[in-house]
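In what follows, a single structure is set out as structure tokens and then discussed.
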Amino acid sequence: IRSEPNGKIVAQIPDETIFSVFGYENDWFEVSNFAYFLDSEREIEFAKRHGHKIEGERAVIPGLKGWIHRKHVTFHFGGRYDAKLFAAPNEDSQIILPIGGREAESPLSVLSCSDKWYKIRFKGQIGWVNSICLNTRSNCN
């Protein structure tokens, strides 16, 4: 996690960390609300060593905000099986592609953001979705 796009590294996060996006600039996501599951003793030690708050089977990183490049992030539909790919970032626009079943679990590429909308490339189509799950190279809970 960096202080600004291409800035100083301010924190390291483990793979499978989930987080919220609240900004986007030139392939960089502005992020906060980090959490990850503690699946091994190594991850528990990592959390303790870095001062992350342990809450049951997961750790949260209080107060951390920063920037992460999109190449380090995998996106999923976060368990939604009724997602739609829209032509524009609003639900009144044309539906390009309904996304359902197991295909909603596939990773996708995010091209840009606008408020709570994400412009994505999915199965050769480019459009907008309003609900995805963001994490570092893994699936969301």
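Of all residue pairs spaced 6 or more apart or on separate chains, those with beta-carbon atoms under 6 Å, a first member in the stretch 23-39 that is touching a residue at least 12 places away in the same chain (Cβ under 8 Å) and in a loop (DSSP other than H, G, I, E, B) and a second member that is surrounded by 19 or more Cβ atoms within 10 Å (Cβ to Cβ) and not basic (Lys, Arg) are 38/59.
Let's see how each residue does on (1) under 23 Å from residue 119 (Cβ atoms); (2) open to solvent by 60 Å² or more (accessible area, probe 1.4 Å); (3) free of Cβ contacts under 8 Å to residues at least 12 places away in the same chain; (4) not in a strand (DSSP E or B):
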site	(1), (2), (3), (4)
11	no, no, no, yes
15	no, yes, no, yes
19	yes, no, no, no
42	no, yes, yes, yes
60	no, no, no, no
64	no, no, no, no
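Does residue 32 satisfy the condition of being over 20 Å from the mean Cα position of the chain (by Cα), of a type in the set (Ser, Thr, Tyr) and either modelled with pLDDT of 85 or more or surrounded by 13 or more Cβ atoms within 10 Å (Cβ to Cβ) (or both)? Spelling it out, it is not the case that residue 32 is over 20 Å from the mean Cα position of the chain (by Cα), of a type in the set (Ser, Thr, Tyr) and either modelled with pLDDT of 85 or more or surrounded by 13 or more Cβ atoms within 10 Å (Cβ to Cβ) (or both). For the criterion of being surrounded by 13 or more Cβ atoms within 10 Å (Cβ to Cβ) and out of contact with any helix residue (DSSP H, G or I) (no Cβ under 9 Å at 6 or more places or on another chain), residue 70 passes.
The values are calculated or read from the model by the stated rules, or taken from the named source; none is laboratory data. Because the structure is a prediction, the values reported are computed rather than measured. Ideal geometry is used to build each Cβ from the backbone, glycine not excepted, and the neighbour counts take in all protein chains shown. Quick note on the areas: whole protein, heavy atoms, side chains included, nothing else; ligands and nucleic acids left out. Shrake-Rupley method; radii C 1.70, N 1.55, O 1.52, S 1.80 Å.
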